[in-house]
1. What's the total number of residues in segment B:273-305 that are in a loop (DSSP other than H, G, I, E, B), more than 14 Å from chain A (Cβ to nearest Cβ) and not acidic (D, E)?
2. Filter segment B:244-266 for residues that are closer than 28 Å to A:H63 by Cα and more than 14 Å from chain A (Cβ to nearest Cβ) and give the result.
3. Quick one: what pairs do we get from segment A:39-58, first residue within 14 Å of another protein chain (Cβ to nearest Cβ), second exposed (fewer than 14 other Cβ atoms within 10 Å of the Cβ) and part of a loop (DSSP other than H, G, I, E, B), C-beta under 7 Å, 6+ apart or different chains?
4. Quick one: what pairs do we get from segment B:72-95, first residue within 14 Å of chain A (Cβ to nearest Cβ) and more than 11 Å from B:I38 (Cβ to Cβ), second assigned to a strand (DSSP E or B) and of a type in the set (G, A, S), C-beta under 9 Å, 6+ apart or different chains?
5. If I filter segment A:64-101 down to residues being surrounded by 19 or more Cβ atoms within 10 Å (Cβ to Cβ) and either farther than 11 Å from A:L40 by Cα or of a type in the set (F, W, Y) (or both), which single residue comes out as farthest from the other protein chains (Cβ to nearest Cβ)?
6. Cβ contacts < 8 Å: first residue closer than 16 Å to B:H218 by Cα and in contact (Cβ under 8 Å) with a residue 40 or more places away in the chain, restricted to segment B:250-270; second residue of a type in the set (F, W, Y) and not in a strand (DSSP E or B), any location; separation 6+ or different chain. Result?
7. How many of the residues making up segment B:306-321 are buried (at least 21 other Cβ atoms within 10 Å of the Cβ) and either under 22 Å from B:A25 (Cβ atoms) or out of contact with any Leu (no Cβ under 9 Å at 6 or more places or on another chain) (or both)?
8. Tell me, which residue of segment B:142-181 that is within 14 Å of chain A (Cβ to nearest Cβ) and under 21 Å from the mean Cα position of the chain (by Cα) is modelled with the lowest pLDDT?
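The values are calculated or read from the model by the stated rules, or taken from the named source; none is laboratory data. As the structure is a prediction and not an experimental result, all values here were calculated from the model. Cβ placement follows ideal geometry from the backbone for every residue including glycine, while neighbour counts extend to all protein chains displayed.
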Amino acid sequence: MAHRGFIALALLLSVAGSVFGAERLRFWNLTGVTLNELYLAPAGTTQWSANQCKNDRDGTVDHDERLTITGISPGQYDVKLADKAGRVCIVQNVEVVSGRPYAFSLSDKDLTNCTK
Amino acid sequence: MPSRHVSAPCLALVLVSLLVGSPRAETVLVSNEKANTITVLDADSLAVLRTVPVGQRPRGIVLSRDAKTLFICASDDDAIDVLDLDDYTLKEPLPSGPDPETFALHPDGLHLYVSNEDDSLVSIVDIKQRRVIGEIPVGVEPEGMGISPDGRWIVNTSETTSMAHFIDNDTHQVVANVLVDSRPRHAEWTSDGAQVWVSAEVGGTVSVIDASKREVVHKINFAIPGVPDEAIQPVGVILTRDRKWAFVALGPANRVAVIDAQTYEVKRYLLVGQRVWNLAFNTDQSRLFTTNGISNDISVIDVAAQRVVKSVPVGDQPWGVVVRP
């Protein structure tokens, strides 16, 4: 009986956590450039999210700045980004994780597939 | 046959040496914000002596007055780590308010003034009492912190408001707001307390503020052949004690500007590592160390010769730097 009670409590806490305490996911820009567009799509698809940079106060993400990501759950994603100079890059199979201060970061060495 | 007797002066020297111990070598301490570590280097040989794991996202670092403790803004832990520099162990952290990025130690050695970027506050931390004893509302996204040499005035810069806020340390009230260029990052007092130099990262300038009049008396601009203006982003500022020279870290321009601090003329640009942000002198100010966040190294500048003599790899995303005497 006590065991059932414990399971019920755990389920309740889990549901409450997902409803009321959805974890904030954040991207950490460690590239050397300022970004003005950033989209995520489930890995291998082109179902791009809305431009996440619009979540920022000034609509851009500077070097070393964090950006809140919305409408995305932890998982494997392709990331498309554009910098202020007009360069567009796609980074494949990026792991978006929860439970730490930033969900994912990208640095210059990740930007190998770019066009302008 | 050589004498086996030891002369009195020689014996005295040996005894003194045994009593005092060998002098401690200066060390350079660097915070690595992605690696979550502090790199410790010998300031002369530049050898990496050790790498110390600390809290999450270590950025601003400050030495205690006795140079036995390093205070570390552990931004993602919302705390100030306390690193004992004798045995390199972490002691109980200090409170900081949310997301501490930079801070300054008051000349009394007892209080830290912390920028809390998310809350538009400066938090005052009493080190002995281990608690936040005051909060001062300032502009949006506070960042740079500078304290006058006599401890009377605090200057905080707010990135979004583009102001340098002068705070009376007796009343903890903002007494003047000085408008500077966009996104001020750092406030540096001259050693005589007469001026405050404030860098503007987006504005691309350094404003020289008369500390008594609280007005900008000069604005320093930068131009580097072959480098686009938008890449010139001043952050770290440091002046020699004699106030002859100033050095300004220019971010993604990968240069440190050398400025005649009397005439405000930019004399030269020194090529360093990628995205240079923060600066620290060694004790006799013969060397200047820079943190280069993208190339993951520090550059070493010979101050007298005004040239870069070496770069040394450190941890992932180096941010802050201090030199321990």
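1. 7
2. B:A246, B:F247, B:V248, B:R255, B:V256, B:A257, B:V258, B:I259, B:V266
3. Every condition considered, no pair remains.
4. Once the first residue is within 14 Å of chain A (Cβ to nearest Cβ) and more than 11 Å from B:I38 (Cβ to Cβ) and sits in segment B:72-95, its partners that are assigned to a strand (DSSP E or B) and of a type in the set (G, A, S) give B:C73/B:S31; B:C73/B:G60; B:C73/B:A79; B:C73/B:S115; B:C73/B:G320; B:S75/B:G60.
5. A:Y77
6. Short answer, once both residue conditions are applied: B:V266/B:F222.
7. Qualifying residue count, segment B:306-321: 6.
8. Applying the filter and picking the extreme gives B:E159.
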